[in-house]
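In what follows, a structure is listed as structure tokens, so that the remarks can point back to it.
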Amino acid sequence: MTSLFQDPARFAALQSGYLVKQAQLWSSMLGQSEPGAPLVAPEPGDKRFVAKEWRDNPYYAYLKQSYLLASRFLTDLAEGAELDAKSKDRLRFAVKQWCDAMCPANFAATNPAVLKQALDSSGESIARGIANLIGDTHRGRISQTDESAFEVGGNLAQTPGEVIYENDLIQLIQYRATTPQVGARPFVMVPPCINKYYILDLRPDNSFVRYAVSQGHTVFMVSWRNVGPAEGHYGWDDYIEAILKAFEVSKAIARSDRVNALGFCVGGTLLGAALAVLAARGEDIVESVTYFATMLDFAAPGQIGVFIDEKGLAAREAAIGGGGILPGAELASTFNMLRANDLIWNYVVNNYLMGGAPAAFDLLYWNADSTNLPGPMYCSYVRNTYLDNKLCVPGALQNCGVSVDLGKVDRPAFIVATREDHIVPWRAAYRSVHLLGGDKRFVLGASGHIAGIINPPSGGKRSFWISEDFPLQADDWLAQAKEEPGSWWPQWAQWIEGFKGGTREAPAQTGSAEYPAIEPAPGRYVRQKAN
């Protein structure tokens with residue numbers, strides 16, 4: 001506000017324009033002027049005002065437009081504030097959260113669909129909504145899906161395999177071959193440690209694991225432990241060492257010289273750091289790398305950056321930096337706030353005001369299956385990436401006792417980003433093209449952080465952009481990239497075929513004499529629930 005008052009003429013103009021439009025809206029509702037076209041319309045894709053009353057009933061039409069005008073006014077005020085870039089981003093985010101929360105659709109008395117449902121059901125919808133609210137209060141989160149419809153190892157994470165190695169941080173799963181011949185080099189997947197691995201193995205028809213197995217790869221999966229207080233002392237380096245151990249075990253079982261590796265989201269960030277450690281040690285054990293929705297340069301991290309500052313992180317470091325855990329539910333709530341209308345208020349209205357039950361949706365079941373992180377690991381991750389952005393600076397960071405330089409990671413890389421990603425902005429992911437050594441391919445998928453990645457060819461959905469020319473700026477790359485329909489998975493399958501190292505007869509069983517099967521996939525660790 002202090003900033004706004006430094007330019008009183010601009011503030012007065014914004015305020016005057018807002019009041020004029022509100023007066024026009026009021027006159028229209030009272031019938032003193034012709035209704036005409038709406039003064040302001042919802043953003044494309046806004047589903048909050050689909051009920052016909054928001055359009056046909058003068059009272060609700062007024063409520064809707066008055067709210068939208070007020071939201072636009074507050075947004076314009078925020079945009080006019082003369083602040084540094086970080087503060088401006090935080091202000092934009094705060095204003096959007098407030099406007100989203102104050103929508104008249106979020107309150108029973110001002111939502112026509114809620115009132116109609118209550119009347120039609122003789123109040124039963126209200127009773128059901130209260131019961132839903134009480135149940136979610138006990139759970140500690142808003143229900144986004146019918147959780148009784150899913151079971152990990154039942155109708156999720158079904159790809160056959162066995163756990164063939166485990167330590168305090170990981171279980172390593174080897175999946176059974178389904179082709180007569182397999183690549184000589186194993187393929188090791190490193191999923192995000194802030195979520196469960198089975199995002200890559202949901203159902204048979206959208207499982208990237210199953211797809212990779214069908215392409216003749218011997219697939220290994222890192223399954224991160226959902227840590228508790230006993231594991232609260234582990235740090236960033238321990239997670240890197242766990243990845244290196246997974247490489248070692250996979251190589252030994254496949255009797256191979258190298259592995260092909262994949263990292264997803266923070267799993268990709270950890271993988272990049274692990275490869276930099278290997279490069280510093282002079283160890284050549286990775287043939288190719290696939291990055292899904294991964295940031296290695298955190299200069300422009302998107303909306304997540306609004307949650308992170310020196311004061312907040314210092315408080316975290318004092319509380320859990322020397323030991324303890326960051327609850328997974330807290331991380332899940334943060335990610336939900338990035339899409340509050342879709343992932344919070346939509347369910348408040350449906351579950352509590354309408355008394356409805358959320359539909360069964362595998363992605364949202366996984367989204368709610370959160371994972372704890374050790375405090376030292378979390379604090380190190382946030383400080384060295386989001387806050388100080390050291391990982392991308394040659395020699396600025398020491399991991400596992402060596403100075404890391406991502407430019408010395410010269411492995412061929414297939415880098416995938418998604419155009420509507422609210423967690424890893426695609427332009428941030430594109431920075432990896434000029435940060436890493438070696439040959440690169442960059443593919444931009446349609447949709448968001450999950451739907452753009454989990455997009456199997458059988459679905460025939462969405463599209464992707466591809467180009468082998470890499471100008472410095474991401475937008476320049478997109479301007480000359482070619483859009484292709486459907487899934488990018490076959491592009492990846494064709495690319496990685498050249499790194500299999502030849503073929504060998506598929507093993508009759510998983511593991512080896514040194515690493516026998518411990519238990520069937522998906523294993524114990526993925527079933528552990530966050531506290």
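I'd like the carbon and sulfur percentage of the solvent accessible area for the chain, probe radius 1.4 Å, heavy atoms only, ligands and nucleic acids excluded.
Taking all protein chains in place, the chain shows 54 percent carbon and sulfur surface.
Which of K251/K500; K196/K390; K440/K482 have a Cα-Cα distance over 19 Å?
Result: K196/K390 exceed 19 Å.
At a 1.4 Å probe radius, which order do E484, E330 fall into by accessible area, largest first?
Of E484, E330, the descending order of accessible area is E330, E484.
At 0.36 nm per residue, minus the direct Cα-Cα distance, what do S27 and A230 gain on full extension? Give it in nm, one decimal, please.
Stretched out fully, the S27 to A230 stretch lengthens by 66.6 nm.
Relative contact order for the stretch 1-144: what is it in percent, counting Cα pairs under 8 Å that are at least 6 residues apart?
Result for the stretch 1-144 is 22 percent.
Would you mind getting the accessible area per residue of the chain, heavy atoms of the protein chains only, 1.4 Å probe, in Å²?
43 Å²
Which whole DSSP H helices in the chain pass both tests: a Cα extent of 18 Å or more along the axis and a mean Kyte-Doolittle value no lower than 0.0?
Both cut-offs are met by 8-29, 236-254, 266-281.
Ignoring everything but the protein chains, give the 1.4 Å probe accessible area of F93 in square angstrom, nearest 10.
Accessible area of F93: about 20 Å².
Could you sort the peptides 418-428, 267-277, 75-85 by per-residue average Cβ neighbour count (10 Å cutoff), highest mean leading?
Peptide ranking by packing, descending: 267-277, 418-428, 75-85.
Give the ranking of L14, L391 by solvent-accessible surface, highest area first, calculated with a 1.4 Å probe.
Ranked from most to least accessible, the order is L14, L391.
For Cα Rg over 2.2 N^0.38 Å, the choices are (i) 1.02; (ii) 1.07; (iii) 0.98; which was calculated from the structure?
(ii)
Just report the Cα centroid separation between the stretch 250-307 and the stretch 364-388, whole Å.
Rounded to whole Å, the Cα centres lie 16 Å apart.
What is the stretch 5-135 by shape, rounded, prolate or oblate, if you read a ≥ b ≥ c off the alpha carbon gyration tensor as root eigenvalues and call it rounded for a/c under 1.5, prolate for a/b larger than b/c, and oblate otherwise?
Here the stretch 5-135 falls in the oblate category.
Out of the stretch 484-527, which GluC sites (Glu not before Pro) are coil in DSSP terms and have no more than 12 other C-beta atoms within 10 Å?
Taking the stretch 484-527 and a limit of 12 other Cβ atoms within 10 Å, the loop GluC sites (Glu not before Pro) found are E514.
Summing +1 for each Lys or Arg and -1 for each Asp or Glu, what net charge is found among the other residues whose Cβ lies under 15 Å from the Cβ of P180?
+2
Could you tally the net charge around E82, taking each other residue with its Cβ under 15 Å from the Cβ of E82, Lys/Arg +1 and Asp/Glu -1?
For residues surrounding E82, the net value is 0.
Straight-line reach from K47: which lysines have Cα under 28 Å away, leaving out those fewer than 8 places along the same chain?
Excluding near neighbours in sequence, the set is K21, K64, K88, K96, K116, K461.
The values are calculated or read from the model by the stated rules, or taken from the named source; none is laboratory data. Just so we're clear, the structure is a prediction, and the values are computed from it rather than from any experiment. We place every Cβ from the backbone using ideal geometry, glycine too, and count neighbours over all the protein chains shown. For accessibility, only protein heavy atoms count, side chains too; no ligands or nucleic acids. Shrake-Rupley method; radii C 1.70, N 1.55, O 1.52, S 1.80 Å.
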